Amino acid sequence: MAKPKKSQSPAPDPPAAAQLPWRPPAPPLATALLISFAALLVRALVSVGPYSGQGTAPKFGDYEAQRHWMELTLHLPSSDWYRNTSANDLAYWGLDYPPLSAYQSWIHARLINASLPDAVALRSSRGFESHESKLLMRWTVLSSDLMVFFPAALWFVWTYMKDGAGGGRERRDGWMWLLAMVLINPCLVLIDHGHFQYNCISLGLTLGAIAGVLSRNELVAAALFSLAINHKQMSMYFAPAFFGHLLGKCMKRKYPIVEIMKLGFVVLGTFAIVWWPYLQSYEAAIQVISRLAPFERGIYEDYVANFWCSTSVLIKWKRLFAIKPLKLMSLSATIMAFLPSFIQQVKSPSNLGFLYSLLNSSFSFYLFSYQVHEKSILLPLLPASLLALHEPHLYGWFTYYALFSMYPLICRDQLLLQYIAVLGLFFLIYYSPGASYGKEVKISSRTKAVLSLPLLCSILLHIVYLQIEPPKRYPFLFDALIMFICFSQFVILSLYTNYKQWMLDFQPRPVVGRKKDL
C-alpha cells in the first residue's frame, strides 16, 4: 500500500540551520543551554550601565519607582499599598500595577532587606542609590528573567517545533535561530536590564500561556495568561487573541459550553486568588482598580509612535476633547482595529493564526488604546519574535523600528553604547550565514526604494538627534520626526499582518496525523 504523501505546509522561509557558523556540534539540550547562557550574559553586561533616572532627583525614574514599591510592600499592610496615607504618598511613584506585581515587589524587598536594609527602609530610603543597591536590584531582574521568561521561551520553541504552527524539516532545523531571536530581543533587554523594569515576568507568563495553547494545555494557558494580566494590566493587549482563539476552538468541540466553563472557572479562580486581600470590601477593590487606570494622565505620554500622539500635530486631542469622549473614541478605535483578527480566529482557529492574532491584537492596542507608553511596543514585539521563522523580514524590520521608537528614551538614560552593542549583536545573529531572514524572497526595486527612504531617514536622525540642537521654538522636533517615521512603519506592518492572518483561510491546512489545532 502506498504511503500517503505528506502535505506541504506554507511555513517558514527558514534557515538551513546546519550552516550556522555558531552552531555547536552538541545535543539539542546543550545547545539550548548555551544560547540561554549567551542571552543571560548579554543581559548582565547591559545591566552594568546606568538606569532610568540615575542621580536625577527629586523623582528619579523607573528604577526608583520599583525600589519604592519594594519599600512600601515590605513595611505597609497590603490594605495600604494602593491607598494614599501619611506613609504612602501616591503622588510619589504610587503603585499602579495589579496585585501580582505588588507581591513580586514584596518578595524582592525581603531579599534586599536581608542584605541591605537601608535600601528599602520606610521613608528614609527615598532616592537611595549605591553601588551595592544597584547590584542587588539588577540581580532581581536577572533572576526574574531567568526563572520566568527563559523557561517560557524554551517551552515555546520546543512546542513550536514539535507540533506548533505549520511543519517542515526547515522549521525544525531553525529552532536555534528562533530561540536566539526570542531571547536576544534588543528592546526587552535594554528596557528591563538597562532602563530598569520587570517586563520579563508578564511577557514570560504570556509566552508560557502561548506555549500552553500550542501544546493543547488550554487550562494551564488560561491560568498563566490570567497571572500575566495580574502582573501588568498591559497584558490585556493580548486578551482578544486569547479569547477569540480559545472560543473558536471550544465551539468546534463536542461539548462547547463545558469547555468554555472550564476555562472560565480557571480564569476566575486565578483572579480570585491574586485579588483575595482586596475582595474583602468593595472600597478596597475599587481603590486598586482606580490605580490601574490613570485616565487623568492623558491619552498619551511623551512622543509615543501611536495614532493619537502622531495625529496630535494636526488635531489637538487633549485640547479639543475631555477625558470621557477621548476614552470612548479610544475604546471604539481599538475594538475596530482588533475585530477582524478576532473574528478570523473565532471562525477558523489555528496555531499560526493565533500567533498572527496576538500580533494584530497587541498592535491595535498600541496604536489606538488610551495611555500608551513608548515601552508598550514590547508587547507586539513578543508575538513578532515568535513568528520570526514565518516572517523573518517583518521581524527584523519591526525590531529595528521598535528600538528606534525608544531612541530618545535610551539617550535620556545614557544607554547609547548598550543600544549600539545590542542592536549590532541582534543583526549579527539575524544575518548570520544560513539564518532565516528569507534570502529567496524577491523584492522589486521600487519596493526597495520605498522601504529604503524611512531607513535612511532613521539613520540620519540617529546622528542628528545627538549632534544638532533643535530650534528653540520646536524643542522636540527630532522626537516628533522619530515618532512619525516609526508610526508610519507600524501602520504598514499592522495592515500587512492583518492581511496575512485573513489569507490563512485560503491556504490548505497541513495534515500530520492528528488535529493539532483543535
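Structure above, values below:
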quantity	calculated
Single condition Thr270 does not satisfy, out of (1) open to solvent by less than 60 Å² (accessible area, probe 1.4 Å); (2) among the hydroxyl-bearing types (Ser, Thr, Tyr); (3) not in a helix (DSSP H, G or I)	(3)
Test: Arg291 is touching a Leu at 6+ places or on another chain (Cβ under 9 Å), at pLDDT below 95 and over 28 Å from Trp317 (Cα atoms)	no
Residue identified as in contact (Cβ under 8 Å) with a residue 24 or more places away in the chain and more than 13 Å from the chain's Cα centre (by Cα) among Ala228, Ala209	Ala209
Conditions (1) touching a helix residue (DSSP H, G or I) at 6+ places or on another chain (Cβ under 9 Å); (2) closer than 26 Å to Arg412 by Cβ; (3) open to solvent by 50 Å² or more (accessible area, probe 1.4 Å); number of the one not met by Gln280	(2)
Residue check for Tyr82: surrounded by 15 or more Cβ atoms within 10 Å (Cβ to Cβ) and in contact (Cβ under 8 Å) with a residue 24 or more places away in the chain	yes
Residue match in segment 37-52 (condition: polar (S, T, N, Q) and either within 30 Å of Lys162 (Cβ to Cβ) or modelled with pLDDT under 50 (or both))	no
Pairs where the first residue, in segment 33-52, is touching a residue at least 40 places away in the same chain (Cβ under 8 Å) and the second is part of a helix (DSSP H, G or I) and among the charged types (D, E, K, R), C-beta under 7 Å, 6+ apart	Arg43/Asp145; Ser47/Arg138; Ser52/Asp62
Candidate set from segment 230-263 (those that are among the aromatic types (Phe, Trp, Tyr) and either crowded, with 23+ Cβ neighbours inside 10 Å or touching a His at 6+ places or on another chain (Cβ under 9 Å) (or both)); member that is farthest from Ser361 (Cα to Cα)	Phe242
In segment 88-105, the residues that are over 21 Å from Lys59 (Cα atoms) and surrounded by fewer than 20 Cβ atoms within 10 Å (Cβ to Cβ)	Tyr103
Any hit, segment 287-296, residues being part of a loop (DSSP other than H, G, I, E, B), open to solvent by 70 Å² or more (accessible area, probe 1.4 Å) and either more than 20 Å from Gln104 (Cα to Cα) or of a type outside the set (Gly, Ala, Ser) (or both)	no
Positions within segment 411-428 being among the β-branched types (Val, Ile, Thr) and surrounded by fewer than 22 Cβ atoms within 10 Å (Cβ to Cβ), in sequence order	Ile420
Residues (open to solvent by less than 60 Å² (accessible area, probe 1.4 Å) and outside any loop (DSSP other than H, G, I, E, B)) located in segment 454-476	Pro454, Leu455, Cys457, Ser458, Leu461, His462, Val464, Tyr465
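The values are calculated or read from the model by the stated rules, or taken from the named source; none is laboratory data. Since the structure is predicted, the reported quantities are computational estimates derived from the model, not experimental observations. We place every Cβ from the backbone using ideal geometry, glycine too, and count neighbours over all the protein chains shown. Heavy atoms of the whole protein, side chains included, go into the accessibility calculation; ligands, DNA and RNA do not. Shrake-Rupley method; radii C 1.70, N 1.55, O 1.52, S 1.80 Å.
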